[in-house]
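Asker: Please see the structure below; I have some questions.
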Amino acid sequence: MKLKLFTCLALAMPIQALAAFNCEVDVSKVLIYKDGNVNVVHSGRNDFTVICNLKTERQGVSITTCAMWASMLQNVQNNDVRAIFYYGEAGTCATLPIYGDTPAPVYIGTVKK
């Protein structure tokens with residue numbers, strides 16, 4: 001019984017590890033479009049990824065959260081610190097879809113270099 005439980009847990013762990021990922025990155029561009037989209041270029045993807053929208057909720061990210069993220073990312077860019085983006089689904093930083101196809105992060109934070 002214990003062996004079966006251990007085997008099941010061991011098999012499940014790699015699947016859980018692939019289910020989410022984060023990107024600890026340098027931010028080179030923060031663009032805010034007239035339609036409200038906040039588009040970011042960071043060293044993990046090196047292309048434009050939309051994270052949220054300042055006019056309408058996008059993929060569960062509220063306007064208020066979006067405004068805080070945009071401000072934080074501009075601060076990250078200006079103060080030579082790094083950002084961390086956490087995504088709750090499978091993938092990697094390098095393979096994030098770009099522009100409007102990018103999934104919304106679960107959270108964004110800052111980390112010291």
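Asker: With a probe of 1.4 Å, find how much accessible area segment 18-112 has per residue, and write the answer as a whole number in Å². Before the final figure, lay out the partial values.
Answerer: Details: 4980 Å² over 95 residues.
Value for segment 18-112: 52 Å² per residue.
Asker: Let me ask something else. Would you mind checking the radius of gyration and Dmax of segment 26-113 based on alpha-carbon positions, in Å?
Answerer: 11.8, 33
Asker: Accessible area of residue 71, 1.4 Å probe, to the nearest 10 Å²?
Answerer: Taking all protein chains as shown, residue 71 has close to 70 Å².
Asker: Next question, about the same structure. Heavy-atom accessible area of residue 107 with all protein chains present, probe 1.4 Å, nearest 10 Å²?
Answerer: For residue 107, the solvent-accessible surface is approximately 100 Å².
Asker: Now, a different point. By the gyration tensor of its Cα atoms, with a ≥ b ≥ c the square roots of the eigenvalues, what is the shape of segment 46-97: rounded for a/c under 1.5, prolate for a/b over b/c, or oblate? Intermediate results must be reported in sequence, preceding the final value.
Answerer: On the way: a/c = 1.95, a/b = 1.03, b/c = 1.89.
It comes out oblate by the Cα gyration axes.
Asker: Pull out the extension gain between residue 64 and residue 29, defined as 0.36 nm times the separation in residues minus the alpha carbon to alpha carbon distance; nm, one decimal. Could the numbers behind the result be given before it?
Answerer: Values: separation 35, 0.36 × 35 = 12.60 nm, distance 2.07 nm.
Gain in length upon complete extension: 10.5 nm.
Asker: Give the ranking of 49, 92 by solvent-accessible surface, highest area first, calculated with a 1.4 Å probe. Intermediate results must be reported in sequence, preceding the final value.
Answerer: Numbers: 49 0, 92 65 Å².
Largest accessible area first, the list is 92, 49.
The values are calculated or read from the model by the stated rules, or taken from the named source; none is laboratory data. Just so you know, these numbers come straight off a predicted model, no measurement behind them. Heads up: the accessible areas ignore ligands, DNA and RNA and are worked out on the full protein's heavy atoms, side chains in. Shrake-Rupley method; radii C 1.70, N 1.55, O 1.52, S 1.80 Å.
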